[in-house]
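The values are calculated or read from the model by the stated rules, or taken from the named source; none is laboratory data. These numbers come from a predicted model, not from an experiment. Glycine gets a Cβ as well: all are built from the backbone with ideal geometry, and neighbour counts include every protein chain shown. These accessible areas exclude ligands, DNA and RNA; they are computed on the full protein's heavy atoms, side chains included. Shrake-Rupley method; radii C 1.70, N 1.55, O 1.52, S 1.80 Å.
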Amino acid sequence: MTLLADPRGTMPIRSGIGEPDYGTPKSSSQVMVTVTIDGEAHVVPEGTSVMRAAGEAGCSIPKLCATDSLQPFGSCRMCIVEIDGRKGTPASCTTPVEEGMVVRTQTEKVAKLRKGVMELYISDHPLDCLTCSANGDCELQDMAGVAGLREVRYGMDGKNHLDAPTDSSNPYFSFDESKCIVCNRCVRACDEVQGTLALTIEGRGFNSKVSPGGLNFLSSECVSCGACVQACPTATLQEKSVIDLGMPTRTVQTTCAYCGVGCSFNAELRGDELVRMVPAKTGGANEGHSCVKGRFAWGYASHSERITKPMMREKITDEWREVSWDEAIEFTASKLKEIQLQYGDNSIGGISSSRCTNEEIFVVQKMVRAAFGNNNIDTCARVCHSPTGYGLSTTYGTSAGTQDFKSVAKSDVIVVIGANPTDAHPVFASRMKRRIREGAQLIIIDPRKIDLVESAHIKADYHLQLQPGTNVAVINAIAHVIATEGLIDEVFVSERCDPGPFNRWRKFIELPENSPEVVESQSGVPAETIRQAARLYAAGNNAAIYYGLGVTEHSQGSTMVMGMANLAMATGNIGREGVGINPLRGQNNVQGACDMGSFPHELSGYRHVSDNAVREQFEALWDVKLLPDPGMRIPNMFDNAISGEFRGLFVHGEDIAQSDPNTKHVEKSLKSMDLVVVQDLFLNETSKFAHVFLPGTSFLEKDGTFTNAERRINRVRPVMAAKNGKQEWQIICEIAQAMGYDMHYENSAQIMDEIAQITPTFKGISFAMLDEVGSVQWPCNDAAPDGTPIMHVDGFVRGQGQFMETPFVPTEERSNRKFPLLLTTGRILTQYNVGAQTRRTANVTWHPEDVLEIHESDAALRGISDGQKIAVSSRIGETILTAEVSDRVPAGVVHTTFHHPTSGANVITTEFSDWATNCPEFKVTAVEIRPADSSAAPTNTLESVLTKA
Amino acid sequence: MDIKILTHMVEQIEKNIPAHEEQYLRISEHLIKFWTPQMRTDLFQEVKENRQNYSEVVGQVVDDMRAKAKA
């Protein structure tokens, strides 16, 4: 038998066009040891494997079961070496270097053994290298070459796996068992990297095989993160896009545009065609890991429904007509000016998008402030994390999470409040789960039994399953226990916090009304559970809080953020690794949108518009007079549109008709306006009310930066040409120019230069700097030239930390006889936000529609069975969903997602919002449910509303 | 903007800012920091005309803010 592959005889440290693979993880030891490898001395950190030391020294050792994202396994026997003073040929992956060790990696003895091992592997492997999809990117092929294998003496007639079936059930990758060498890398990747433990090795000896547990990959617990595909050294687990399109030939490193984790990816192309997205090991946020969205769900960028030409229409009942860019921009500008002339300067405004780059967002808010001449700029963070801005600014002095993601590896106690990281921030969740498997203790505060409460090798120590709307009561009760049981870190508080507010807070929090025993009746959480959780949080060495929209999207969202900030200060859990208050931002650039001055009261860097000195800087730079008063928030714009004072809106990359609460109200306001301009990738719910549609660019076409939830600024590089022919910042500049304000940049790097010039926390940042270092966390300036992974280390941004009293004020949205259940909304792993992107990918395989989770007792009471269509009604409206009877929600609580416009969850959400920021109270809506066929069809569904519109 | 909305907003703010000596100041700071001038003007006018519908705290806040604005 002769090998089809062309043996190269050299051992590539790179596989294909990917990043280097040193076989085992890097050691973090500060102690250095000297080892001699093939006659040359090398100094490496203690704990480094012989394999890695050799690879870093340039004399790579053959390997198959080793990869540097996984712990060494020592099974393939390809990496054997000879070490002076040791018997036999130890595996270099599992052998750590020692001081004075002398290693020989290329002796005749090991070469012969490796060749023999390789021969056995190849004897049970298809010899189709030239037609194999992994040709050129196959480690087995590489190793055959390195081993100098020319023949396989055993022939192919014996027992083998060559006819094993291929599992193509997953829409994104296939599993060709005939090519599997059972190296275990996929199984270990699923365990160690992803933490789902969906894969296993089934059988023994010759019958050993990789198994996803269920019938196939699709029906298994696999979450399609792609870690197994990435780890596979052969074509066994292979992206279908590679099988279809061929092996990529070049890469562009960029940043994912889904959640706030901000994963770095190598976009791998063949010519100009994107073949696959591979998570970058150098990515500061993800370190080589990914989720199903970032890894696979990028096809929407080339979806046939993309709008690539500007469109206009006189009335929203007219058909769209394609127009030139000049006509669209001229019409937009002249109409906006006409509205202002007739109704005043304040009659128009804009909404920026957290999906866009910092540079795009910066120019949108600049256009509003400088060309529109008002401060009517708001951002979609209004409906998600605006309470984070209010709460953390008030207590700590700035609107930002305190830690980097790596910090969780040093946490002893992890508290997850109102967040579902395994679904909404899966790559960070994998880090968190790793730490929990290592022994960190876990407290979950959530009405739902999220996966982290109990899943493979994860079990929360405490699940405080509170009633929706009682967050503040519970956080106060935890603080009450800490204050009354002597668990306050008095030293930290006296050294770091303002004593006046602290003493007032202490007096408040010790009141009996905040005791767990009182709060039990409000929240449904047993007092003793609250007490034990509080003691654990306070007594744990490093305790960190991670939270999501289950904290912010409440009538007391801002109060709750301050309550958590109080807790961290009271226990000294701030200012070092492993602790902190960490908002898990929903969209890719929520942090950046807030940083860039997208709120109506703030300029970039969170500086209030009333600050004369700050405003003067902007006025000098922009050559324009700025207003010193806040502009309208999104809900103000809607309300003023209905009352006739607000007439024109520029919507940048947001689908407010689907994402904002009380859909009927939003639609009424949009219909009231004289001009709605939508800039987006696809026609969406909002564009149904628009007069101008300006095609936007996907993240694969953008040139700029995103800032993730850990304040990390990452480069977004164009992978393909803009399908609409223009960068979005250019379009914004052209509108501003057409309105008479001269706004011009040569490229997006110039915009970042302006941001850095005018924003103290960004002073040290430029594209050149980011291209050199990869990414950086703000503040990045003269005081912190390398950025700031952890904030408030020596002092709070505001000086002393400020405790705030946080009285519990129950929401006005209550369950009652007519609407006895409480609806709370959330996300699911495979879909993202309003679904504009993920609904246009194969991710619909897993989540084709929004469903309503309902407890079996509530379902039984109403005669509802699993899978049945049900009408869900609130005092605002009614929609139809499919029931999913589930024990994830307690009796009295139901849950749904808002990814599909056809179900329109926000048809039923209410007008109530956070008292401080007007962030909608998405998480509490009183509803009733009945079988959909038990009475007349609902009259208020999104579909019916839109049909009428 | 519908005055009922502004009324509800200011009542929520009052409920969430604890009642002690700084309450008046913090409520007025909040209105200055986050409300548009038109929203403030509308509220002032409403409270002036229908004082009986508002709490003592909101009435006092509005009085103080109007006095400051005049000064």
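Of note:
- Helix axis angle, A:663-672 relative to chain A longest principal axis, alpha carbon, degrees: 60
- A/B buried area, accessible surface, summed, 1.4 Å probe, Å²: 2100
- Solvent accessible area, Å² - A:Ser610, 1.4 Å probe, full protein context: 60
- Whole-percent carbon and sulfur share, accessible surface of the range A:44-149, 1.4 Å: 52
- Global form of the range A:568-611, assessed from the alpha-carbon gyration tensor, a/c cut-off 1.5: oblate
- A rounded overall shape is assigned to the range A:386-583, the ratio a/c of its alpha-carbon gyration tensor axes (a ≥ b ≥ c) being less than 1.5.
- Solvent-accessible surface (1.4 angstrom probe) belonging to A:Val146, in square angstrom, nearest 10: 40
- A 1.4 Å probe over all protein chains sorts A:Lys115, A:Lys818 by accessible area into A:Lys818, A:Lys115, starting with the largest.
- Under the convention that each Lys and Arg Cβ holds +1 and each Asp and Glu Cβ holds -1, the size of the dipole of chain A around its Cα centre is about 1240 debye.
- For chain B, the mean residue ellipticity at 222 nm estimated from helices alone is -24500 deg cm²/dmol, where every DSSP H run of n ≥ 4 contributes -39500 (n - 2.57) and the total is divided by all residues, rounded to the nearest 500.
- Accessible surface of the range A:509-551, 1.4 Å probe: 51 percent of it comes from carbon and sulfur atoms.
- Remark: relative contact order (the range A:185-242) = 33 percent; criterion is Cα-Cα distance under 8 angstrom and separation of 6 or more residues.
- Gain on full stretching of the segment that runs from A:Asp272 to A:Ala613 - 0.36 nm per residue minus C-alpha separation: 117.9 nm
- Net length available on complete extension from A:Met32 to A:Arg535 is 177.1 nm, with 0.36 nm assigned per residue and the Cα-Cα distance removed.
- Restricting attention to the protein assembly as shown, close to 60% of DSSP beta bridges with both partner residues there are antiparallel.
- C-alpha long axis of helix A:386-395 to longest principal axis of chain A, angle in °: 90
- Per residue value of the accessible surface for the range A:715-770 (all protein chains in place, 1.4 Å probe), Å²: 37
- Angle of helix A:108-122 to the longest C-alpha principal axis of chain A, folded into 0 to 90 degrees and rounded to 10: 60°.
- Between the range A:834-887 and the range A:109-145, the C-alpha centres lie 50 angstrom from each other.
- The orientation-averaged projected area of the convex hull spanned by the Cα atoms of the protein assembly as shown comes to 42.2 nm².
- Percent of Cα-Cα distances greater than 22 Å, calculated over the range A:490-631: 57
- Between A:His303 and A:Lys410, the simple spin-label model (points 7 angstrom out along Cα→Cβ) gives 4.2 nm.
- DSSP beta bridge pairing in the range A:386-583, given as percent antiparallel to the nearest 5: 10
- Ordered by solvent-accessible area of protein heavy atoms (1.4 Å probe), largest first, the residues A:Asp38, A:Asp914, A:Asp786, A:Asp167 come out as A:Asp786, A:Asp38, A:Asp167, A:Asp914.
- Heavy-atom accessible surface of the range A:254-300, averaged per residue, reaches 20 Å², computed with a 1.4 Å probe.
- The range A:205-239-the range A:362-388 distance, computed between alpha-carbon centres (Å): 45
- Two-site label geometry, A:Glu151 and A:Ala41: point separation in nm, points 7 Å out along Cα→Cβ: 4.6
- Structural descriptor for chain A: relative contact order 13 percent, calculated from alpha carbon pairs under 8 angstrom and at least 6 residues apart.
- Global form of the range B:3-70, assessed from the alpha-carbon gyration tensor, a/c cut-off 1.5: rounded
- Taken over the range A:166-296, the convex hull of the Cα atoms encloses 105 Å³ per residue.
- Interface residues, the range A:807-824 - accessible area loss of 50 Å² or more versus chain alone, probe 1.4 Å: A:Val809, A:Glu812
- Computed accessible area, A:His425, all protein chains, 1.4 angstrom probe, square angstrom: 10
- Residue-averaged [θ]222 nm for chain A, counting only DSSP H segments that reach four residues, each worth -39500 (n - 2.57): -7500 deg cm²/dmol
- Considering only A:Phe206, A:Thr166, A:Thr282, the residue lying farthest towards the positive end of the dipole of the range A:166-296 is A:Thr282, judged by Cα position with unit charges set on Cβ.
- Given +1 at the Cβ of Lys and Arg, -1 at the Cβ of Asp and Glu and no other charges, the dipole of the range A:821-948 around its Cα centre is 320 debye to the nearest 20.
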